[in-house]
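Input: a single structure, listed below in structure tokens.
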Amino acid sequence: MAQSNRYDAVIIGGGHNGLTCACYLAGAGYKVRVLERRAVVGGAAVTEEFFPGFRNSAAAYTVSLLHPKVIRDLRLAEHGLRIIERPVANFLPLSDKAYLKIGNALGQTQAELARFSPRDAETLPGYYAMLERAGDVLRGLLLRTPPNVGGGMRDAFAALRFGYRMRKTGMDARRDLFDLMTKSAGDLLDGWFESGPLKAAFGFDAVVGNYASPYAPGSAYVLLHHVIGEVNGRRGAWGHAVGGMGAITQAMAQEAERRGVEITTGCEVHKVCIDHRGAQGVQLSDRSMVGARCVVANVDPRRLFLELVEESALDADFLLRIRGYKCGSATFRMNVALSELPDFTALPGRHLQPHHQSGIIIAPSLAYMEQAYFDARTYGCSRAPIIEMLIPSTVDSTLAPPGKHVASLFCQHFAYDLPNDLDWDGIRESAADHVLDTVTRYAPNFKGAVLGRRILSPVDLEREYGLTGGDIFHGALTLDQVWSARPVLGHANYRAPVRGLYLCGAGTHPGGGVSGLPGHNAAREILRDLRWRR
């Protein structure tokens, strides 16, 4: 086999975590190469033209979890990244006349909520305070490497430090976090509020990328996961990256190249090369080899261990657990080019209004969300899907021609595995039509305004972006797959059970979303090992 010059680290996959990891490794003086299968870096966080003159974020579509330390360390703002906060957080059309808006300020939301429940309006500050207490505990863990259960002295000390940190945390915060880690979102919200629309607004965060009922135990943790981010210093906010999500990864790529990282696109890795010393590099699809002191995988754990690593390099118990690792978020993504803004019957007007700049949620109740899950389990697709629609062109004119718009539709639940011999190539168009029809029930002009569309079924997400099972999080955020159990117990410290092989993707702590944290944390552990070996 032909072999290129040997690198200190070769990274499989140029998604945002791979680029983040590469930046930190190269910044410490190491020779790094990133290998990306697609023609452009960015993974699922890319901006693409999907219809002539219309561009939008292709898969990942909104910003909150991108960590301020990563933004600062990688100088993303200096490379042109600008994030605009949504003027209104969320808008839920409920019927022909009723709607609920969740504002960016407490008073705004309380005024809206008082129309449904004065009691809930009074309760709302307490709920926000509870999320903030629990969120602070979780935020304190985001930049930390989880201790390996059954690990060595370092892991024992890490566990002790974690215990000490929790001991210093107030009992109320510990109880809040325990509730959010173990309860269902539905049970949690039922205990706080009486208003169905408000519970739906908050419950949506529990089903984003989570193939489960909002009443599934542990779904409250997924809710918490989605509210611990920030935009421009404001906690819990969501925003738009000007130029789409690709603006984030292009800024990361610029910083990586500034630090000397070699980035190769159109380069598919065939397997990780392993001998008695551990990982020695990778073999490409053309059978050439890229040698490296260590290999870092920015792919999900199932893809890495079941497709890129030979079985003989892994023990039987580890393989069994990886085969049981849950991947499949039941997510359906679509971008549409629009001739005009949607005209909602509950809040009429085709002219630009604040609710057009919000996260528009089609899911009026928790019961609606639960039925969507049951439908997907039974029929493969929800008969009344959960939809979040964003229209980023309302704040970013670079995405569409003047007077026109682009909208992203993030939809649940659409199962990867379909029943009754159905396949996604056969039903993707009808599923897309069904999504448009669902929005049109609330905004009658919507379907007629669609000029073009780009569909990403769960199978398309796997084919295009390497997301096993179409899972946007590289694996479910269930209680058996978070913290020290992500991806499996005993290997939560970004190190694979093969010397010199590491994971830096969302299949490691702290999980999914465009945060950069798995790449940041993995780089710290890799640097520790490289320095020790040197």
So which cysteines of the chain have no other cysteine's Cβ under 4.7 Å from theirs?
CYS23, CYS267, CYS273, CYS294, CYS327, CYS381, CYS411
Counting other Cβ atoms within 10 Å, keep those with at most 16, restrict to DSSP loop, and tell me which GluC sites (Glu not before Pro) in the stretch 288-317 are left.
GLU310
Tell me which aspartates and glutamates have Cα within less than 13 Å of LYS447's Cα, excluding those fewer than 8 residues away on the same chain?
GLU340, ASP343, ASP433, ASP437
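Carbon-plus-sulfur fraction of the accessible area of the chain, 1.4 Å probe, in percent?
Numbers: 10400 of 20170 Å².
Roughly 52 percent of what the probe reaches on the chain is carbon or sulfur.
Counting pairs of alpha carbon atoms under 8 Å apart in space and at least six apart in sequence, what relative contact order in percent does the stretch 414-534 give? Write out the running numbers ahead of the final one.
On the way: 114 pairs, mean separation 19.0, N = 121.
Normalised by residue count, the contact order of the stretch 414-534 is 16 percent.
For the chain, what is the per residue volume of the convex hull drawn over the alpha-carbon atoms, in cubic angstrom? Write down the numbers at each step before the final one.
Numbers: hull volume 76.3 nm³, N = 534.
Once divided by residue count, the hull of the chain is 143 Å³.
With viscosity set to 1.002 mPa s and temperature to 20 °C, compute the Stokes-Einstein D of the stretch 21-130, Rh being the Kirkwood radius across alpha carbon pairs; µm²/s, no decimals.
Working: Rh = 18.4 Å.
Estimated via Stokes-Einstein, D reaches 116 µm²/s.
What percent antiparallel are the DSSP beta bridges of the chain, to the nearest 5?
Numbers: 47 of 66 bridges.
Given both bridge residues lie in the chain, the antiparallel proportion sits at roughly 70 percent.
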Helix-only mean residue ellipticity at 222 nm for the chain, each DSSP H run of n ≥ 4 adding -39500 (n - 2.57), per residue, nearest 500
-11000 deg cm²/dmol
So how long is each side of the stretch 290-347 along the principal axes, counting just the alpha-carbon atoms, biggest first, in Å?
60, 30, 14
Which order do LYS199, LYS31 take when ranked by solvent-accessible area (1.4 Å probe, heavy atoms of all protein chains), largest first?
LYS31, LYS199
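The values are calculated or read from the model by the stated rules, or taken from the named source; none is laboratory data. Since the structure is predicted, the reported quantities are computational estimates derived from the model, not experimental observations. Reconstructed Cβ throughout: ideal geometry from the backbone, glycine too, with neighbour counts over all protein chains shown. Surface areas here come from the heavy atoms of the whole protein model, side chains and all, with no ligands, DNA or RNA. Shrake-Rupley method; radii C 1.70, N 1.55, O 1.52, S 1.80 Å.
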